[in-house]
Amino acid sequence: MKKKEFIDINDTKALEELIARSHKEPVILFKHSTACPISAAAYNEMLQVPNDVSLVIVQRARDVSQEVAKRTGVRHESPQTIILRNGEAVWNRSHWSITAEEVETAFRQYT
């Protein structure tokens, strides 16, 4: 089985491209903290999501993380999963509420 790879969102240009893609299809954005055990658990859940997942590592891309909060109106937390559709946050969860099953169910709603 192929190992899941996340799509890294390291700068605002990549974020712009992701938001543009959300006008064609729903996109999943996962904010991850490498220093948090709750985030590590959420990361493992996100590995189980069969769809593409875009990843912002908050320690490496704090400006991108803040830009996501500014653009979506969703207060920054990490770990945090946001589904974007038509440039807007249509669904989000944080901390222990992030499960692969929840993300998949929400994603299907907006497809």
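The values are calculated or read from the model by the stated rules, or taken from the named source; none is laboratory data. Note that the structure is predicted; figures quoted are calculated from it, not measured. Every residue, glycine as well, gets a Cβ built from its backbone with ideal geometry; the counts of neighbours run over all protein chains shown. Remember, those area values only see protein heavy atoms, side chains included, never the ligands or the DNA or RNA. Shrake-Rupley method; radii C 1.70, N 1.55, O 1.52, S 1.80 Å.
For His76, the conditions (1) under 18 Å from Lys24 (Cβ atoms); (2) of a type outside the set (Phe, Trp, Tyr); (3) under 13 Å from the mean Cα position of the chain (by Cα) all hold with the exception of (1).
Considering only the stretch 3-58, state which residues are in contact (Cβ under 8 Å) with a residue 60 or more places away in the chain and open to solvent by 60 Å² or more (accessible area, probe 1.4 Å). His23, Glu25 - these are the residues of the stretch 3-58 that are in contact (Cβ under 8 Å) with a residue 60 or more places away in the chain and open to solvent by 60 Å² or more (accessible area, probe 1.4 Å).
Could you list, in sequence order, all residues of the stretch 15-54 that are in a helix (DSSP H, G or I) and under 19 Å from Asn86 (Cβ atoms)? Once the filter is applied, which keeps residues that are in a helix (DSSP H, G or I) and under 19 Å from Asn86 (Cβ atoms), the stretch 15-54 yields Leu15, Glu16, Glu17, Leu18, Ile19, Ala20, Arg21. Going through (1) touching a helix residue (DSSP H, G or I) at 6+ places or on another chain (Cβ under 6 Å); (2) not in a strand (DSSP E or B) one by one, Ala89 falls short only on (2).
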